[in-house]
Amino acid sequence: MVNGSPVVEGFIEAINLIVTLNPQVVEITIRSLYVSLTATFFASLVALPLGALIYFYEFRGKHALVSTLQTLYALPTVIVGLIMFLLLSNIGPFGFLRLLYTPGGMIAAQTVLIIPLLMGLTVSALSGIDRDKRYTITALGASRLQTVTTVIAEARFAVMSGVLLGFGRAISEVGAVMIVGGNIRGATRVLTTAIALNTSMANYSMSIALGIILLSVALGVNVVLSLVQRR
Amino acid sequence: MIAFDRVSLTLGSFRLKDVSMTIGQGDYYFIVGPSGAGKTVLLEAIAGLHLPEHGRILLRGEEITALPPERRGVALVYQDYSLFPHMTVADNVSYGLRVRGMERDAARCEVAGLLERFGLGHLADRYPGTLSGGEQQRVALTRAVAVKPDILLLDEPLSALDPITQERFIDDLRRLHREDGLTIVQVSHSRRETRLLATRMAVLIDGRLVDEGRADVVLNAPKSREVATFVGIENILDGTVTANEDGYAVVDAGGRTFEAVTDAAAGEAVTLCIRADDVVIGNGGGARNTMAGTVVAVVEDGPVAGVKVDCGVELTAVLTRRSVQDLSLAPGTRVTVAVRAAAVHVIRSLS
């Protein structure tokens, strides 16, 4: 690392690691995708119906709730990590689940992290369907349930954008998975925590390789997002 | 067919106050009024989208105040079309049938004839975003008609269309009313649409229904001064009855007396309404109100022209452009103006 340009050297080696499908790189990448995709799936399962519920029902404090959700978009990942750690640790209420330092715990943490984002974006996506259209649907003879499903179907691309944004936040965060997962090699190490560790150990080529992959995932999400939003 | 019995309802800044009206089977019913009067809210209340705070809504004599929209047999078309952008024209039009449980293919078959009738057959597989405004509005109308509603509700359906498309659309609507016998309720602020299509109408001002009845009666013999102004009666004069003999009253309207048919007694304050086409310039042929005056302005508007005449009070007459030329009317021309007593509508301030 002393002679001249460790970055260029690291970069070349990183490409090598990716092209040769280095087992460690592959394993970490697959785990990262698995954890964040699963978290996005569970978060969607909870957040989309709740978001729809908030949009379709009028209740006191609705505006405050939506504002709170929007504030939670910026929820610090380490705070979620800390709270989830306390909940999942042996002394916490969910300690019996034995999820601390497991991929399951990381999934739980990322799910909690992106639920407010997905809920808020679902409300926004549905709000994009104007009042007149909602009334038209109802006045054409659709029942309440049919009205709800038609509005959601009409807003599906906007809802999908929200889900993709949620996935992007999950896969790129480091605080929650670091605290809850513990960054254990071969067990809970994911792209972000591996980059943090390898960089601090001056193992730049590995960091750069994983960084390139993480950026490619983010880029891929963005490409899909722009395709969806063009609809 | 559908009746409102003293309905009151608040929706944000819009309020309906104590509205009573009756829409009969086969009526082409217009709801007119200035912006913000609550016309759309009234239309949506007919559809069942808002629950009244007070009063009852009756359908064929049965109370339906709390009946949900899908069981009212209505269909609603908004000014902005409200089409589904991710569905084809055929799927848009058959939507109402599909929510009633019809299979997608069966529903598409069912609406094929309608699409042809409204000139949309060749657009069946297109998406709304690729259509012109007029085509989109026609899709919205066809979608509403497809569910065979008892009442078709239209919220300013023509206001976003260009004049030529408007004419075609007016023909479509007239056919739906006359040939299909559909009961139609339309919100509008166009006097022209009202004159062309309405059989009955209601005037809504500030949430109150201030006039209701046969369209020609409301348009020519309104109940109040504000309705007269709104429906565009050209000559509105305030005056006082000075004498009344067997229903023929003499009204002093500030410098000029008019004879009119009314029961208003001497001393009563009244408002006179005279349509411009009832003001005859030239030989009045024995009309009771004949007076000399001077032309003060000629305002041409396409094939017709408004002629303002000062004859103690200012009266506006409407003539064809040709008549204006034949009579050589121009500011300063001395003319004789005649108005039949029966053409003077009297609004009694007590009523």
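When DSSP beta bridges are restricted to pairs lying wholly in chain B, around 80% turn out antiparallel. Whole-Hz Karplus values for the stretch A:81-87 come out as x, 4, 4, 5, 4, 5, 5 Hz, taken residue by residue from phi with 6.51 cos²θ - 1.76 cosθ + 1.60 and θ = phi - 60°; glycine and proline positions read x. Seen from every direction in turn and averaged, the convex hull around the alpha carbons of the stretch B:116-194 projects onto 5.3 nm².
For the stretch B:22-91, the Kirkwood hydrodynamic radius from C-alpha pairs, put into Stokes-Einstein at 4 °C and a viscosity of 1.567 mPa s, yields a diffusion coefficient of 91 µm² per second. Comparing chain B with the 2.2 N^0.38 Å rule of thumb, its C-alpha radius of gyration ratio is 1.18 (two decimals). How high is the FRET efficiency between A:LEU86 and B:GLU53 when r is their beta carbon distance and R₀ equals 41 Å, given to the nearest 0.05? Efficiency for this residue pair is about 0.25. Listed values for the stretch B:53-69 are Karplus-derived 3J(HN,Hα) couplings in whole Hz (6.51 cos²θ - 1.76 cosθ + 1.60, θ = phi - 60°), namely 7, 9, x, 10, 10, 10, 10, 6, x, 9, 6, 10, 3, 9, 6, x, x, and x replaces Gly and Pro. Here the protein assembly as shown carries DSSP beta bridges of which approximately 80% are antiparallel, counting only pairs with both residues inside.
Given their separation in residues at 0.36 nm each and the Cα-Cα distance between them, B:ALA265 and B:LEU196 gain 21.2 nm when the chain is fully extended. When only the Cβ of Lys, Arg, Asp and Glu is charged (+1, +1, -1, -1), the dipole of the stretch B:202-273 relative to its Cα centre reaches about 200 debye. Database remark: amide H of B:VAL77 closer than 5 angstrom to the amide H of B:LEU153, B:LEU154, B:ASP155 (H placed geometrically; neighbours at sequence offset of 5 or more, or on other chains; Pro and chain starts carry no H). Taking a ≥ b ≥ c as the square roots of the eigenvalues of the Cα gyration tensor, the protein assembly as shown is prolate, since a/c reaches 1.5 or more and a/b is larger than b/c. Taking each of B:LYS39/B:LYS148; A:LYS133/B:LYS148; B:LYS17/B:LYS148 in turn, the alpha-carbon distance tops 21 angstrom for B:LYS39/B:LYS148; B:LYS17/B:LYS148. Against chain B, whose longest principal axis is taken from its Cα atoms, helix B:104-117 shows a tilt of about 30°. Note on B:MET102 and B:THR257: the extension gain reaches 49.0 nm, defined as 0.36 nm multiplied by sequence separation minus the Cα-Cα distance.
What is the list of residues in the stretch B:53-76 whose amide nitrogen lies under 20 Å from a point 7 angstrom out from the Cα of B:SER20, following Cα to Cβ? Once the point is set 7 Å along Cα→Cβ of B:SER20, B:53-66 turn out to lie under 20 Å by backbone N, inside the stretch B:53-76. Measuring nothing but how far apart in sequence close Cα pairs (under 8 Å, 6+ apart) lie, relative to its length, chain B scores a relative contact order of 15 percent. Evaluating 6.51 cos²θ - 1.76 cosθ + 1.60 at θ = phi - 60° for every residue in the stretch A:57-72, the Karplus couplings come out as 9, 8, 8, 5, x, 4, 4, 4, 5, 5, 4, 4, 4, 5, 5, 6 Hz, glycine and proline recorded as x. Rounded, prolate or oblate, given the Cα gyration tensor of chain A, with a/c below 1.5 counting as rounded? Because a/c hits 1.5 or more and a/b exceeds b/c, chain A counts as prolate.
None of the figures in this text is laboratory data; all of them are computed from the coordinates on show. A quick note: this is a predicted structure, and the numbers were derived from the prediction, not measured. Glycine gets a Cβ as well: all are built from the backbone with ideal geometry, and neighbour counts include every protein chain shown.
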